[in-house]
Amino acid sequence: MQRISFCPLCGHELEDMIPPGDFKERQVCLSCQYIHYKNPKVLVSCFATHGAKALWMRRTTEPRRGFWTIPSGFMEDSETPEEGAARELFEETRGRVDPSSLALLSAGSLPDISEVHLTYRGVLLNPDEIQVTEEASEVALFAVDEVPWGDLAYEVVGSSTKKFYADHERGVYGVYTGSFGSRQSYFSEIRRDRLVK
Ligand SMILES: [Zn+2]
């Protein structure tokens, strides 16, 4: 886990302590009272579809350089997850989706590395304009039988991805939830017809 040594506000050394009224040890600045809270990062992804196909990219960056993934990245401050997913899609592949049209596909977490993953789906608006970028050495639209399942950057997404393709073919979508970690792992599905608006 990320630790810092000095107060980002005043430069004083930080102390480990439980702040008054809190229940957890934090890094605290005794000079200016700054408390260094550490919260999970939110990774957003987008399945951008074109007919039966979805947009994939081959990573140029570590981790998992050279492996295939759907476009993903961490949310920036002051954006919605849908805006973040659309922004990352464009940055990595030049593909465009309308953030307001995106639907939630899965919500998952990796507590061991404090990440929450939200995956959306939406229609790719400009399939003729996708291109390689600094972050993607290849971009491609894959039908389910074209996905390089043996070369995925993250094995763990394989099951939800296959379910997505099956849902997409039927035109009836579930929402998937999962957590994967040393304490527990689970993967489950909430069918759309059981969702209460
Ligand atoms: Zn300080």
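Observations
- Members of segment 33-82 found to be more than 28 Å from Gly11 (Cα to Cα), assigned to a loop (DSSP other than H, G, I, E, B) and hydrophobic (A, V, I, L, M, F, W, C), listed by number: Ala52, Phe67, Ile70
- Hey, Gly84 among the small types (Gly, Ala, Ser), farther than 28 Å from Lys38 by Cβ and either out of contact with any Lys or Arg (no Cβ under 9 Å at 6 or more places or on another chain) or surrounded by 13 or more Cβ atoms within 10 Å (Cβ to Cβ) (or both) or not: no
- Close Cβ contacts (under 9 Å, 6 or more residues apart or on different chains) running from residues in segment 13-25 that are more than 15 Å from the ligand (Cβ to nearest atom) to residues that are hydrophobic (A, V, I, L, M, F, W, C) comprise Ile18/Val28; Asp22/Ile35; Lys24/Ile18; Glu25/Met17; Glu25/Ile18.
- Odd one out for Lys41, checked against (1) touching a residue at least 40 places away in the same chain (Cβ under 8 Å); (2) of a type in the set (Lys, Arg); (3) touching a Leu at 6+ places or on another chain (Cβ under 8 Å): (3)
- Restricting segment 26-77 to residues that are at pLDDT 95 or above and among the acidic types (Asp, Glu), the residue that is nearest to the ligand (Cβ to nearest atom): Asp77
- Set side by side, the residues Ser101, Ser106 differ, and just one is at pLDDT below 95 and touching a strand residue (DSSP E or B) at 6+ places or on another chain (Cβ under 8 Å), which is Ser106.
- Looking only at residues of segment 112-129 that are within 20 Å of the chain's Cα centre (by Cα) and not in a strand (DSSP E or B), we find that the one that is surrounded by the fewest Cβ atoms within 10 Å (Cβ to Cβ) is Ile113.
- With respect to being in contact (Cβ under 8 Å) with a residue 24 or more places away in the chain and either more than 17 Å from Ala52 (Cβ to Cβ) or among the hydrophobic types (A, V, I, L, M, F, W, C) (or both), Ile130 fits the description.
- Counting only residues that are assigned to a loop (DSSP other than H, G, I, E, B) and touching a strand residue (DSSP E or B) at 6+ places or on another chain (Cβ under 8 Å), segment 12-21 holds 3 of them.
- Of all residues in segment 1-12 being over 28 Å from Asp112 (Cβ atoms) and touching a residue at least 12 places away in the same chain (Cβ under 8 Å), the one that is surrounded by the most Cβ atoms within 10 Å (Cβ to Cβ): His12
- Among the conditions (1) free of Cβ contacts under 8 Å to residues at least 12 places away in the same chain; (2) within 17 Å of Gly73 (Cβ to Cβ), Glu92 misses just one, which is (1).
- Residue check for Asp145: exposed (fewer than 13 other Cβ atoms within 10 Å of the Cβ), without any contact (Cβ under 8 Å) to a residue 24 or more places away in the chain and in a helix (DSSP H, G or I): yes
The values are calculated or read from the model by the stated rules, or taken from the named source; none is laboratory data. Keep in mind that this is a model prediction, so the values were computed, not measured. No Cβ is skipped: glycine too gets one built from the backbone with ideal geometry, and neighbour counts run over all protein chains shown.
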